[in-house]
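J.: The structure is given below, and queries will be raised subsequently.
The numbers here are math on the coordinates, done by the rules we state, and not lab data. Predicted model only: the values in this text are computed from it and were never measured. Cβ placement follows ideal geometry from the backbone for every residue including glycine, while neighbour counts extend to all protein chains displayed.
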Amino acid sequence: MKTIVFQGDSITDAGRNRDNDSERGIGYPTLVSAELGFKYPGEFIFINEGISGNRIVDLYARIKRDIILRRPDYLTILIGINDVWHEINDRNGVDNAKFFRVYCNLIEEIKTMLPDIKIFILEPFVLKASATQKAYGIFRRETEMRAESAKAVAEKYSLTFIPLQKKFDEAEKKAEASYWLSDGVHPTSAGHELIAREVALALEGAING
C-alpha cells in the first residue's frame, strides 16, 4: 500500500485523534480519504499530521517526525494563514520573505530524503467573517502574499499547486462567507468539502498519471 499524508495547521488538523492514525478528524483529510478509499479500496494508507496553530516554521521544525519518518508517497501541504494571523494578534507571525525561504528549505529537505515523493501545495485562503473582519484588509493582502509564495515554491520545484482562494471567493457569491469559513479562516463542513474536492481531484490525477 502507498501512503498519503495530509500536512498543515488547524484547517488540516480538524480535531484529529493524535493517538490513532485511523481517526483523521472532521475535515478535508477525512473526506478525501473517504472518496479515494472508496475508489481504490485497500490501496492507500491515509494519515493526517496537521497541528493547530502551526506556522511554516513550526511545520519545518517537525519535518523529520511528521514527514520524513512517515515516508509518504503523496504529501499535501496547507500552511500560511497562521503566519499572517499570529502577526496580527501577537506579533509572532512569519513575514513573507521568511515564509518563502523556509518553505523552500522544507521542500528541498523532503525531496532529498524522499526523492520519489509527489508533493501538492495548497493555496492558503481567507474570507471576511468574525475573526478577520476588523483587520480584513491586512488579512487579505498578507494571505495573498503567502499564496503567491506558496505558488512560487510549487513552480520552483515542479510541484502541483492547488488554488483555493478563487474557489472560496466564488462560493461566497452563493452563500455568505461564514457558510464556508465559520470565522473567515476555519472551514465549515461545506468549506471542507470544497477543499476536499480540489485535493481529491489533484491526487487522483497523480495516481492515474
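J.: Could you pull out every one of the lysines with an alpha carbon less than 25 Å from that of Lys134, ignoring same-chain neighbours closer than 8 positions?
T.: Straight-distance partners of Lys134: Lys166, Lys167, Lys173, Lys174.
J.: In what sequence do Phe38, Phe125, Phe99 fall when counting other Cβ within 10 Å, fewest first? Show your work: numbers first, answer last.
T.: Values: Phe38 8, Phe125 29, Phe99 25.
Starting with the residue having the fewest Cβ neighbours, the order is Phe38, Phe99, Phe125.
J.: Also, I was wondering about something else. Here are labelled values, (1) 0.95; (2) 1.48; (3) 1.11, and one is the computed Cα Rg over 2.2 N^0.38 Å for what I pasted. Which one?
T.: From the options (1) 0.95; (2) 1.48; (3) 1.11, the structure gives (1).
J.: A further question follows. In nm, give the distance between the simple-model label positions of Ser189 and Glu170, each being 7 Å from the Cα along the Cα-to-Cβ direction.
T.: Distance between the two pseudo-spin positions: 2.4 nm.
J.: Can you run phi through the Karplus equation (6.51, -1.76, 1.60; θ = phi - 60°) for region 24-31 and list ³J(HN,Hα) in whole Hz, with x for Gly and Pro?
T.: 9, x, 10, x, 4, x, 5, 5
J.: Residues of region 143-183 with the amide nitrogen closer than 15 Å to a label point 7 Å from the Cα of Ser130, along Cα-to-Cβ, please.
T.: 177-183
J.: A further question follows. Averaging sequence separations of C-alpha pairs under 8 Å and six or more residues apart, then dividing by the length of the chain, give the relative contact order as a whole percent.
T.: Working: 357 pairs, mean separation 45.3, N = 209.
Relative contact order of the chain: 22 percent.
J.: What does the charge count near Trp85 come to, summing +1 for each Lys or Arg and -1 for each Asp or Glu among other residues with Cβ under 10 Å from its Cβ? Spell out each step's value before the answer.
T.: Values: positive: Arg55; negative: Asp9, Asp83, Glu87, Asp90, Glu142.
Spelling it out: positives minus negatives among the neighbours equals -4.
J.: Measuring from centroid to centroid over Cα atoms, what is the spacing of region 134-209 and region 24-90 in Å?
T.: 14
J.: Another question, if that's okay. Just from its helices, what would the mean residue ellipticity at 222 nm be for the chain, if runs of 4 or more DSSP H residues each count -39500 (n - 2.57) and the sum is divided by every residue, rounded to the nearest 500 deg cm²/dmol?
T.: Values: 10 runs with 107 residues, N = 209.
Mean residue ellipticity at 222 nm (helix-derived): -15500 deg cm²/dmol.
J.: Given R₀ = 30 Å, FRET efficiency for Lys64-Ile26 by Cβ-Cβ distance, to 0.05? It would help to have the intermediate numbers written out before the result.
T.: Working: r = 28 Å, r/R0 = 0.92.
For Lys64 and Ile26, the calculated efficiency is 0.60.
J.: Let me ask something else about it. Can you tell me which of 19-27, 80-88 comes out highest on packing, and rank the rest after it, using the mean Cβ neighbours within 10 Å? Let's see the in-between values first.
T.: Details: 19-27: 15.3, 80-88: 23.9.
My ranking of the peptides, most packed first, is 80-88, 19-27.
J.: I want the antiparallel fraction of DSSP beta bridges within region 38-189, as a percent rounded to 5.
T.: Values: 1 of 9 bridges.
Once the DSSP bridges in region 38-189 are tallied, antiparallel ones form about 10 percent.
J.: Related question: Tell me, in nm to one decimal, what length is gained between Arg91 and Ser178 on full extension, where the rule is 0.36 nm per residue of separation less the Cα-Cα distance? Write out the running numbers ahead of the final one.
T.: Numbers: separation 87, 0.36 × 87 = 31.32 nm, distance 2.56 nm.
Gain in length upon complete extension: 28.8 nm.
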